[in-house]
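Student: Below are the structure tokens for one structure; questions will follow.
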2 protein chains.
Amino acid sequence: MPSRKPAADGVDRPRLTVMRDVAKLAGVSHQTVSRVLNNHPNVREETRARVLAAMQSLNYRRNLAARTLVTRQSDTLGIIGFETTLFGPASMLYGIESAARDAGYMVSIASVRDLDRRQVLEAVDRLTQHSVDGVIAIAPKQSVTHALAQAPPSLQCVAVGGAGESDAAPTVSIDNALGARLATQHLLDLGHVTVHHAAGPPDWPESFERIEGWRRTLYAAGAVVPPVEHGWWDAESGYAQGQALARDPAVTAVFCSNDRIALGVLRALHEAGKRVPYDVSVVGFDDMPDSGFFVPPLTTVHQDFGELGRRSLGLLLEHMTHSPAAESQPPDHVLVAPQLVVRASSGPAPAR
Amino acid sequence: MPSRKPAADGVDRPRLTVMRDVAKLAGVSHQTVSRVLNNHPNVREETRARVLAAMQSLNYRRNLAARTLVTRQSDTLGIIGFETTLFGPASMLYGIESAARDAGYMVSIASVRDLDRRQVLEAVDRLTQHSVDGVIAIAPKQSVTHALAQAPPSLQCVAVGGAGESDAAPTVSIDNALGARLATQHLLDLGHVTVHHAAGPPDWPESFERIEGWRRTLYAAGAVVPPVEHGWWDAESGYAQGQALARDPAVTAVFCSNDRIALGVLRALHEAGKRVPYDVSVVGFDDMPDSGFFVPPLTTVHQDFGELGRRSLGLLLEHMTHSPAAESQPPDHVLVAPQLVVRASSGPAPAR
DNA sequence: ACATGGTCTGTTAACGTTCACAGGCGCGAG
DNA sequence: CTCGCGCCTGTGAACGTTAACAGACCATGT
């Protein structure tokens, strides 16, 4: 691995202030400064104050690299990101980062373009080299958690968002099945005979679990389960699926696997002359910031991505503290409950 | 500053493999291993191969903390992020990160909740402590670039997205005035007598520059410049502005400061019975992934956030290499040109 | 008076790299 | 043959912090 970055021209060496400088000014040894810095109990109050004052006046910052070298702790967490330009992942990222900051950690991010094992392991490797203390993977597919299992065992990893259960790593995710049930039941309760589904990609657990939740709800209600079309997560795919649904007069209610798909479906229905919600009801999933301003405002399943991020951080920290103790028991899984947000896009089934 | 993170229980010390181990196995000195690692020219080919093989078989990874300690280079860049859950900032973040990876850098992120000087400086401080080699600030407001000027002079900073010119730091941003001109001129060319504007927050340079670009274009065309309402960047604000605009029969064309505002305007117009584009034309700014699936598909100004991220990284790297040389000349500013994307939401002015 | 133990502080040795320097070796020129 | 000058390699000392240990000091109980 050649290092092709601009070599720091060794011309300027500002000689930053270090512990010894502080120590000299405060008239103590560098070790005492260290003790003050690390809140050791056995420092006389007056000494501590003197050291603190010296640090202040010299504008001293401790050198984390040196600290990391000896403690093998970097106070840095790694995040493996995927599709972080989208609202969901971006929000999780943000949630993780703010929670991490509050806990005194820095976060480094390693994005992957695809979720294959090679790229994920490479990301883990880069993070490991930068000696992160733990890793959170924004991992919407099983392949990631599997890859994570191959990470050095000393490195604690947790997966967030997507793949529910997994014996490879602890996970935090939305209760997708519950969300799907809420949406579907809501539509059934409105009198719709059945509910169609505009799904996401079939190999994504998030999509799969929503399909299952939808299917089971229909089944439990004795409703027929219409065939499901698969697509991608975007409005374009929703538009295509929506066009097909609009052609079928039996369709009075559509549950979409996310809000972007719903946006496409809304447009397709509109162009086909179907009025929402009078002719067809539409429900989404995610509750993106502007979903309340679609035409009409979208009924959807709200998921709290920030909470997801915070919970995953909590779980990681927990595992980092007593890792060897909990070695025996299987990794735990946190499920966060989503909430139905009813707006104008869903209404009573049209009279027949 | 107390450190309240879980203390690493010093029970397990796996004693990772270090240079000395590799050296011993290859029958050379640790220094030769270092040379191989850093691609120094003066290593016999055969020796290099032996060392490489030893590294391979021991699965050696170099300890970056130690390296950072002595070289004062961490191969890590810092990003100061703001509102990173939104599409624009999130995309820039991603663009920066991928470009950084290609250049051999890791990125650490420090989000700020608000853009006041204190928080920005605190973010810089956290990044400095983790000894980043440079900083890119996603800085939509002047206050950030000003704060950046207070950063330790040894730390190279660039600002991206938003505030155009600034003598405090080099910047990379979209040519907002140009974008506004493209949008406004497009509507004028369609025969609209004038163009109204649904603006963003007045104290954001991005918003301000778009207003100016819009205003100047109208002025140059001899069109009257309608009063402008200010709002936030979201659909809710667009909706409110849209309701007011819908009441005014003179309004036949609206240029919105971003796509989310446009979404709200579209809804307001729709609810007021105005048909887009037959009664009123609407143009947005950003070209978010799903803007092509609004009802109707949105004509908008496309900005390439990823490119913005990449360019800012390039600029930063450039400044890091020959920083003392370019000391004298003022910081440079890169402007990226946006592009008009014509879709269905804009059309000829209605006959009167 | 003397051991005992607690509190506070200083000394020395890691941690794993890179840098500066010093050598050994071979080869062509004097 | 010897000198000098390239290559290639090894030795020692940083870098700035924390960990381990030892010592000084003070109070307390016998």
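The values are calculated or read from the model by the stated rules, or taken from the named source; none is laboratory data. None of the values given here were measured: they were computed from a predicted structure. Here the Cβ is made from the backbone with ideal geometry for all residues, glycine too, and neighbour counts use every protein chain on show. The protein model used for the area step is the full one, side chains on, heavy atoms only, and it has no ligands, DNA or RNA in it. Shrake-Rupley method; radii C 1.70, N 1.55, O 1.52, S 1.80 Å.
Student: Ignoring ligands and nucleic acids, what accessible area does residue B:84 show with a 1.4 Å probe (Å², nearest 10)?
Tutor: For residue B:84, solvent-accessible area is about 10 Å².
Student: Further, regarding this structure: Over the whole of B:62-74, what's the average partner chain Cβ count within 10 Å per residue? Rounded to a whole number, please. Spell out each step's value before the answer.
Tutor: Numbers: counts 2, 6, 9, 14, 6, 4, 8, 8, 3, 4, 7, 6, 3.
That average works out to 6.
Student: Output the antiparallel fraction of DSSP beta bridges having both residues in chain B, as a percent to the nearest 5.
Tutor: Values: 3 of 36 bridges.
In chain B, DSSP labels about 10 percent of beta bridges as antiparallel.
Student: Further question on the same structure: Quick one: compute the contact order of the stretch B:19-62, relative version, from alpha carbon pairs under 8 angstrom and 6+ residues apart, as a percent.
Tutor: Details: 32 pairs, mean separation 19.4, N = 44.
The normalised contact order for the stretch B:19-62 reaches 44 percent.
Student: Calculate what fraction, in whole %, of the accessible area of the protein assembly as shown sits on carbon and sulfur atoms when a 1.4 Å probe is rolled over the protein chains. Write out the running numbers ahead of the final one.
Tutor: Values: 16200 of 30230 Å².
Of the solvent-accessible surface of the protein assembly as shown, carbon and sulfur hold 54 percent.
Student: Considering only protein heavy atoms, what is the solvent-accessible area of residue A:141 at a probe of 1.4 Å, reported in Å² to the nearest 10?
Tutor: 50 Å²
Student: To continue, here is another question. Taking the Cβ of residue A:113 as the center, what net charge do the other residues with Cβ under 12 Å away carry, scoring Lys and Arg +1 and Asp and Glu -1?
Tutor: Values: positive: A:118, B:101; negative: A:83, A:114, A:116, A:122, B:97, B:102.
Net charge in that neighbourhood comes out at -4.
Student: Which residue, A:72, A:126, A:48, tops the fluctuation ranking in a GNM of chain A built on C-alpha contacts under 10 Å?
Tutor: A:48
Student: Gap in Å between the Cα centre of the stretch B:90-153 and the Cα centre of the stretch B:186-200?
Tutor: What the calculation gives is 37 Å, centre to centre.
Student: Dividing the convex hull volume of the Cα atoms of the stretch B:19-62 by its residue count, what figure in Å³ per residue is obtained? Each step should come with its number before you reach the end.
Tutor: Values: hull volume 2.5 nm³, N = 44.
That works out to 56 Å³ per residue.
Student: Please report, to one decimal in angstroms, the Kirkwood hydrodynamic radius of the stretch A:69-162 built from all distinct Cα-Cα pairs.
Tutor: On the way: mean 1/r = 0.0760 Å⁻¹.
After inverting the mean inverse Cα-Cα distance, the result is 13.2 Å.
Student: How many square angstrom of accessible surface are buried between B and A, both sides summed, with a 1.4 Å probe and rounding to 100? Write down the numbers at each step before the final one.
Tutor: Details: alone 18530 and 18520 Å², together 30230 Å².
When B and A are taken together, about 6800 Å² of accessible area is lost.
Student: Just to be sure I understand the interface: list residues from the stretch B:105-124 that lose 20 Å² or more of accessible area between the chain on its own and the complete protein assembly, 1.4 Å probe.
Tutor: B:105, B:106, B:107, B:108, B:109, B:111, B:113
Student: Can you send over the solvent-accessible area of residue A:83, 1.4 Å probe, protein chains only, in Å² to the nearest 10?
Tutor: For residue A:83, the solvent-accessible surface is approximately 70 Å².
Student: Now for a different question. Given a Förster distance of 25 angstrom, what is the FRET efficiency for residue A:219 paired with residue A:335, based on the Cβ-Cβ distance and rounded to 0.05?
Tutor: About 0.70, to the nearest 0.05.
Student: Oh, and also: Rounded to whole Å and sorted largest first, list the principal axis extents of the Cα atoms in the protein assembly as shown.
Tutor: Per principal axis, max minus min of the Cα coordinates gives 83, 66, 60 Å.
Student: Give me the accessible area per residue for the protein assembly as shown, probe 1.4 Å, as a whole number in Å². Walk me through the numbers before you get to the answer.
Tutor: On the way: 30230 Å² over 704 residues.
Heavy-atom accessible area per residue stands at 43 Å².
Student: At a threshold of 8 angstrom on Cα-Cα distance, excluding pairs fewer than six apart, so keeping six or more, what relative contact order does chain A reach in percent? Display every interim value, and only then the final one.
Tutor: Values: 664 pairs, mean separation 55.8, N = 352.
Averaging sequence separation for qualifying contacts and normalising by length gives 16 percent for chain A.
Student: Which distances in nm, rounded to one decimal and ordered from shortest, link the label point of residue A:122 to the equivalent label points in the other identical copies, with labels set 7 Å from Cα toward Cβ?
Tutor: 3.8
Student: With helices defined as uninterrupted DSSP H runs, which ones in chain A have an alpha carbon span along their own long axis of at least 15 Å and mean Kyte-Doolittle hydropathy of at least -1.0?
Tutor: Working: long enough: A:45-58 (20 Å, -0.14); A:87-102 (22 Å, 0.10); A:117-129 (18 Å, -0.80); A:176-189 (19 Å, 0.09); A:205-220 (22 Å, -1.05); A:235-247 (18 Å, -0.53); A:259-271 (18 Å, 0.32); A:305-321 (24 Å, 0.11).
Qualifying helices: A:45-58, A:87-102, A:117-129, A:176-189, A:235-247, A:259-271, A:305-321.
Student: If amide H atoms are built 1.01 Å from N in the plane of the peptide, which residues on other chains or at least 5 residues away come under 5 Å of the amide H of residue B:76?
Tutor: B:106, B:133
Student: Can I ask one more? Given chain B, report the % of alpha carbon pairs whose separation exceeds 29 Å. Numbers along the way, then the final one.
Tutor: Values: 32192 of 61776 pairs.
When every Cα pair of chain B is considered, 52 percent fall beyond 29 Å.
Student: Something else about it: Net charge near residue A:282: determine it from the other residues with C-beta under 12 Å of the C-beta of residue A:282, scoring Lys and Arg +1 and Asp and Glu -1. List each step's numbers first, then the result.
Tutor: Details: positive: A:267, A:274, A:275, A:343; negative: A:259, A:279.
The answer is +2.
Student: Given the DSSP H assignment, sum -39500 (n - 2.57) over each helix run of at least 4 residues in chain A and divide by its residue total; what's the result at 222 nm in deg cm²/dmol, nearest 500? The partial results should precede the final answer.
Tutor: Details: 12 runs with 148 residues, N = 352.
It comes out at -13000 deg cm²/dmol, rounded to the nearest 500.
Student: Please report Rg (one decimal) and Dmax (integer) in Å for the Cα set of the stretch A:176-303.
Tutor: Cα radius of gyration and Dmax of the stretch A:176-303 are 12.7, 35 Å respectively.
Student: While we're on this one: Report for the protein assembly as shown the percent antiparallel among DSSP-assigned beta bridges with both residues inside it, nearest 5.
Tutor: Values: 9 of 75 bridges.
Antiparallel bridges make up about 10 percent of those DSSP assigns within the protein assembly as shown.
Student: Classify the stretch A:77-225 as rounded, prolate or oblate from the Cα gyration tensor: take a ≥ b ≥ c as the square roots of its eigenvalues, call it rounded if a/c is under 1.5, otherwise prolate when a/b beats b/c and oblate if not.
Tutor: On the way: a/c = 2.85, a/b = 2.25, b/c = 1.27.
The shape class here is prolate.
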